[in-house]
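J.: First the structure, which I've put down as structure tokens, then a few questions once you've had a look.
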Amino acid sequence: MVEHEQLLKFAKDDDDVCVMLYIAKVGVSIDWKNYSPDEVLYIPEEIFDSVGRDFIGKIGGEQYYGKTTLDNEHIELLCSERESSKYSDKYLNTLTEIRKFIDYGLRFKDSHYLAFEGP
């Protein structure tokens with residue numbers, strides 16, 4: 001598993017809870033003990049709450065704490081363009097990293113899937 005830790009620098013402290021976007025092979029169950037995803041992007045929850053507000057609204061509160069396999073609508077909500085002058089550098093950097101991670105994962109869409117998992 002490759003862990004993308006670049007967004008952890010935005011965490012408030014070591015105990016800041018993270019959500020994950022990950023890339024995993026199709027047909028393989030993730031159980032986190034015996035099999036973990038191929039690549040994981042950790043995003044501090046406080047930041048994700050602001051950049052992923054529409055995404056969270058779409059999947060709903062209950063599903064937020066579980067696993068969601070990303071479809072085209074979820075990807076659009078996470079990667080849609082926003083007027084950059086309104087947001088902080090931390091917010092914009094987070095959006096950029098999410099977009100890059102999703103774009104990278106989509107290159108393997110024949111053999112892998114993208115998923116979100118809440119804290």
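The values are calculated or read from the model by the stated rules, or taken from the named source; none is laboratory data. In this text, all values refer to a predicted model and were calculated from it rather than measured experimentally. Every residue, glycine among them, receives a Cβ derived from its backbone with ideal geometry; neighbour counts consider all protein chains shown. In case anyone asks, the SASA skips ligands and DNA or RNA and just uses the protein heavy atoms, side chains included. Shrake-Rupley method; radii C 1.70, N 1.55, O 1.52, S 1.80 Å.
J.: Taking a quarter of the surface of the Cα convex hull of the stretch 32-86, what do you get in nm²?
T.: Taking the Cα atoms of the stretch 32-86, their convex hull projects to 5.0 nm² on average.
J.: Count the lysine pairs in the stretch 26-119 whose Cα atoms lie under 28 Å apart, taking only pairs 8 or more positions apart in sequence or on different chains.
T.: For the stretch 26-119, qualifying lysine pairs total 14.
J.: Could you provide, to the nearest whole Å², the per residue accessible area of the chain with probe 1.4 Å?
T.: Ligands and nucleic acids excluded, the figure is 59 Å² per residue.
J.: I've got another one for you. What share of all Cα pairs of the chain, in percent, falls into each consecutive 5 Å distance bin?
T.: Each 5 Å bin holds this share of Cα pairs: 2, 11, 23, 25, 22, 13, 4, 1, 0.
J.: Please check which bits of the stretch 91-119 a label hung off Asp38 would reach, taking the label as a point 7 Å along Cα-to-C-beta and the cut-off as backbone N under 16 Å.
T.: 101-116
J.: Continuing with the same structure: How tilted is helix 89-106 with respect to the longest principal axis of the chain? Cα atoms for both, answer in degrees (0 to 90, nearest 10).
T.: The angle comes out near 30 degrees.
J.: Pulled fully out, how much extra length does the chain show between Asp103 and Ser88, if you take 0.36 nm times their separation in residues and subtract their Cα-Cα distance? Walk me through the intermediate numbers first.
T.: Details: separation 15, 0.36 × 15 = 5.40 nm, distance 2.26 nm.
Length gained, Asp103 through Ser88: 3.1 nm.
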